[in-house]
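One structure is given here, and the rest of the page talks about it.
Every read-out reported here was derived from the displayed coordinates using simple, explicitly stated rules and does not represent laboratory data. Everything numeric in this text was worked out from a predicted model, so none of it was measured. We place every Cβ from the backbone using ideal geometry, glycine too, and count neighbours over all the protein chains shown.
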Amino acid sequence: MFRGFRKISLIDFPGQIASTIFTAGCNFSCPWCHNRELVVPEFYEKIPVIQEEDIETYLLSKKGKIGGVCITGGEPTIWGERLADFFTWCLKNGFLTKLDTNGYLPEILNNYLERGLLSFIAMDIKNIFSKYGGTVGLVSVNIENIKESVRLIKKSGVLHQFRTTLVTGLVNKEEIEALSREIGEQIVFQEYRPANPSV
């Protein structure tokens, strides 16, 4: 499940000193992704698996210094119940939890929310809905999944952030601003960083 571990981060979890943990695998295939080494099996299968127990040991050793754990990817929700177990462990041991997600599995997201497993959610909205397929590298996209995740997050009461990467030539800032007004939520813009050309 875990293939990357940034032990200390001051930027990934608003208001918290955090550890950031990267899951492998994704249900999107964004051609511009800057974490493709965690998305494409032929790449991430070459990266050693980091055992949950090793991460837990580290976190306990830094208790009182690290306040939260950010789970990113890849797409973390594809790990379903196994990730839920890790979130449960984090909360039980006094660590706040942040999920970075693309929102394409609203049923998993809803399960986490109903169980109170998330302290903060950051959802990436890839583009305006009519341009989603090309942006995420899929022939067909069920845009209702994205809309449902937005709805779930908005009504959850959990601290959250919607964000969009401004991919040059693909994502239009003015169109995303219009989408922001449509969904009634601020969308934070992230600058595009080209993927590692060697990956």
Please list, in order along region 106-122, the HN-Hα scalar couplings obtained from phi with the Karplus expression 6.51 cos²θ - 1.76 cosθ + 1.60 (θ = phi - 60°), rounded to whole Hz, x for Gly and Pro.
x, 5, 6, 4, 4, 4, 4, 5, 4, 8, x, 8, 10, 9, 7, 10, 10
If unit charges are put on Cβ atoms (+1 for Lys and Arg, -1 for Asp and Glu) and the dipole of the chain is taken about its Cα centre, the option from Gly134, Phe120, Ile50 lying farthest towards the positive end turns out to be Phe120
Estimated Rh, region 17-113: Kirkwood, alpha-carbon pairs, angstrom:
14.1
In whole Hz, with x marking every Gly and Pro, tabulate ³J(HN,Hα) for region 79-85 from phi via Karplus 6.51 cos²θ - 1.76 cosθ + 1.60, θ = phi - 60°.
8, x, 5, 5, 5, 4, 4
Anisotropy class of region 2-191 from Cα gyration tensor, a/c 1.5 cut:
prolate
With an 8 Å Cα cut-off and a minimum separation of 6 or more residues, compute the relative contact order for the chain in percent.
19
By count of other Cβ within 10 Å, fewest leading, how are Thr57, Thr97 ordered?
Thr57, Thr97
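On alpha carbon coordinates alone, what is the Rg over Rh value for region 79-199, Rh being the Kirkwood radius?
0.99
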What is the distance in Å between the Cα centroid of region 66-95 and that of region 129-168?
21
From fewest to most C-beta neighbours within 10 Å, the residues Leu10, Leu179 line up as Leu10, Leu179
List His160, His34 from most exposed to least, where exposure is judged by having the fewest other Cβ atoms within 10 Å.
His34, His160
Hey, what do the phi angles of region 21-34 turn into as Karplus ³J(HN,Hα) couplings, whole Hz, using 6.51/-1.76/1.60 and θ = phi - 60°, x for Gly and Pro?
10, 10, 8, 9, x, 7, 8, 10, 9, 4, x, 9, 4, 8
Give me, ordered by chain and number, the residues 5 or more places off Phe5 or on other chains with an amide H under 5 Å from its own placed amide H.
Phe22
In terms of modelled amide H atoms, which long-range or inter-chain residues lie less than 5 Å from the amide H of Asn27?
Glu75
Restricting to DSSP H runs of at least four residues, report the calculated mean residue ellipticity at 222 nm for the chain, -39500 (n - 2.57) per run over all residues, nearest 500 deg cm²/dmol.
-9500 deg cm²/dmol
Cysteines without a disulfide-compatible partner [the chain; Cβ-Cβ under 4.7 Å]
Cys26, Cys70, Cys90
